[in-house]
Amino acid sequence: MNPSDPSHAISRILVVRSCQHHPEIERILTRSRLPHEVIDDGAVDEVLNRLTAGSLSAGKKILLLRTNKGGFIKQCPATRCYRCCRYRILYIGGGCPMDCSYCILQAYLNQPCITSFVNVEDLTTELKGELNADMQLFLRYGSGEFTDSLALDPITNLSSVLVPLFASQDRALLELKTKSASIDGLKDISHHKNTIVSWSLNSEKIIACEEHGSASLGQRLAAAAQCSSWGYPLAFHFDPIIAHHGWREGYENTIEQLFAAVPANSIKWISMGAFRFMPKLKKIGGERFPYSEIFSHEFITGLDQKKRYFRSLRVELYKHVYDLLKAYADPRTCIYFCMESDEIWHEVMGFVPSDRNGLQAMLDAAAMDRSIG
């Protein structure tokens, strides 16, 4: 497998019979050049269970092509207890060919395979309808909640549809969030700086030991530098920040490499979030990755019912990473917490989002600042 292009992990494609003649199916099969099988709509679960035998690892080699019969736009699954940026999720499919030990999708998705929706025309129709109806608001969309935004792009080429659509918008942008280096589809597309390409970053030890099948730190940063040269604004996400042996030096090294690779003034925002997980993920992740140590810390149950580090450890992690970021970042770059309380904001950053009209306003201001990127 080529870690810079996780789509190479796919070894076969399943096509649901009711959509086998959709034009997108032919395009995907031509680009992938992979063996495929057409299966009856009512036999999907039976076929998947036979092929994967209950293994999430086996399922990551199978791409299921089907139509989405529901909505494509969802609200961020936030909780009222922690500050949320209120972005909108584009539901383009589910699952990921990469295999991070901490990935919440292990405990969230109910099919042991990767799904991609082929009725792209319905996605664009729904998206255009919302954009036209909500022109008084600045709207931020992301496609990296239920899948990686770019991991399958060499096969689906979805970026060639979404990026031009957002290029024509004055008050909306798209964030493509990835751990891959699959950026070839973004070249030579008119984007008008309305698409932000973002990467999840971590210490090199965590990338090597916990983010299986993902691009290396160097590959991610080289891809970010290339996207910056094509005029795309950038963003980065230090989430999850994980306590591990040598974490101080690890995150310092990553941040130094980040700002050596890309211009600081190309970065719209940087988020931080400490490791947190649904309680049942500990059993699933522990069984699938028995040599991982990330679940061995002491955790408390947060207000969102997720397991979190004790507050003192979260603050220690955050202060170290935040101080490093502030030392390098452009003053206009929005550095923020993902799903943290006002108490943590104030203790680490010295202010709370309401002091600056709220987190959504902070991110909107960064997005609309055309002097960045």
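The values are calculated or read from the model by the stated rules, or taken from the named source; none is laboratory data. What you see is a predicted model, and the numbers here were worked out from it, not measured in a lab. Note that we place each Cβ from the backbone using ideal geometry, even for glycine, and neighbour counts take in every protein chain shown.
Descriptive notes on the structure:
- Of all the listed residues (Phe299, Phe277, Phe310), the sole one being touching a residue at least 60 places away in the same chain (Cβ under 8 Å) and among the aromatic types (Phe, Trp, Tyr) is Phe277.
- Region 25-56, subset out of contact with any Pro (no Cβ under 7 Å at 6 or more places or on another chain) and among the β-branched types (Val, Ile, Thr), residue surrounded by the fewest Cβ atoms within 10 Å (Cβ to Cβ): Thr30
- Residue in region 264-285 that is under 30 Å from Ala225 (Cα atoms), in contact with a helix residue (DSSP H, G or I) (Cβ under 8 Å, 6 or more places away or on another chain) and assigned to a helix (DSSP H, G or I) present: yes
- Extreme residue, surrounded by the fewest Cβ atoms within 10 Å (Cβ to Cβ), among residues of region 97-132 that are of a type in the set (Gly, Ala, Ser) and assigned to a helix (DSSP H, G or I): Gly129
- Selection count, region 169-188, where residues are touching a helix residue (DSSP H, G or I) at 6+ places or on another chain (Cβ under 8 Å), outside any loop (DSSP other than H, G, I, E, B) and under 13 Å from Arg140 (Cα atoms): 4
- Filtered residues of region 175-197 (kept if touching a strand residue (DSSP E or B) at 6+ places or on another chain (Cβ under 7 Å) and in contact (Cβ under 8 Å) with a residue 60 or more places away in the chain): Glu175, Lys177, Lys179, Ile196
- Selection from region 20-53 of residues that are small (Gly, Ala, Ser) and under 25 Å from the mean Cα position of the chain (by Cα): Ser32
- Of all residues making up region 233-248, the number that are part of a loop (DSSP other than H, G, I, E, B) and within 16 Å of Ile294 (Cα to Cα): 5
- Checked against (1) of a type in the set (A, V, I, L, M); (2) surrounded by fewer than 20 Cβ atoms within 10 Å (Cβ to Cβ); (3) modelled with pLDDT under 95, Ile189 meets all criteria but (3).
- Lys319 being under 23 Å from Glu256 (Cβ atoms) and in contact with a helix residue (DSSP H, G or I) (Cβ under 6 Å, 6 or more places away or on another chain): yes
Residue-wise test of (1) surrounded by fewer than 23 Cβ atoms within 10 Å (Cβ to Cβ); (2) of a type in the set (Val, Ile, Thr); (3) in contact (Cβ under 8 Å) with a residue 40 or more places away in the chain; (4) under 14 Å from Ala181 (Cβ atoms).
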| site | (1), (2), (3), (4) |
| --- | --- |
| Leu217 | yes, no, yes, yes |
| Arg220 | no, no, yes, yes |
| Ala223 | no, no, yes, yes |
| Gly231 | yes, no, yes, no |
| Ala235 | no, no, yes, no |
| Ala243 | yes, no, yes, no |
| Asn253 | yes, no, yes, no |
| Leu258 | no, no, yes, no |
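- Residue within region 135-142 that is in a loop (DSSP other than H, G, I, E, B), within 17 Å of Gly213 (Cα to Cα) and of a type in the set (Phe, Trp, Tyr) present: no
- Scope region 9-24; condition part of a helix (DSSP H, G or I) and surrounded by fewer than 19 Cβ atoms within 10 Å (Cβ to Cβ); matching residues: Arg17, Ser18, Cys19, Pro23
- Test: Ala264 is under 18 Å from the mean Cα position of the chain (by Cα) and touching a residue at least 12 places away in the same chain (Cβ under 8 Å): no
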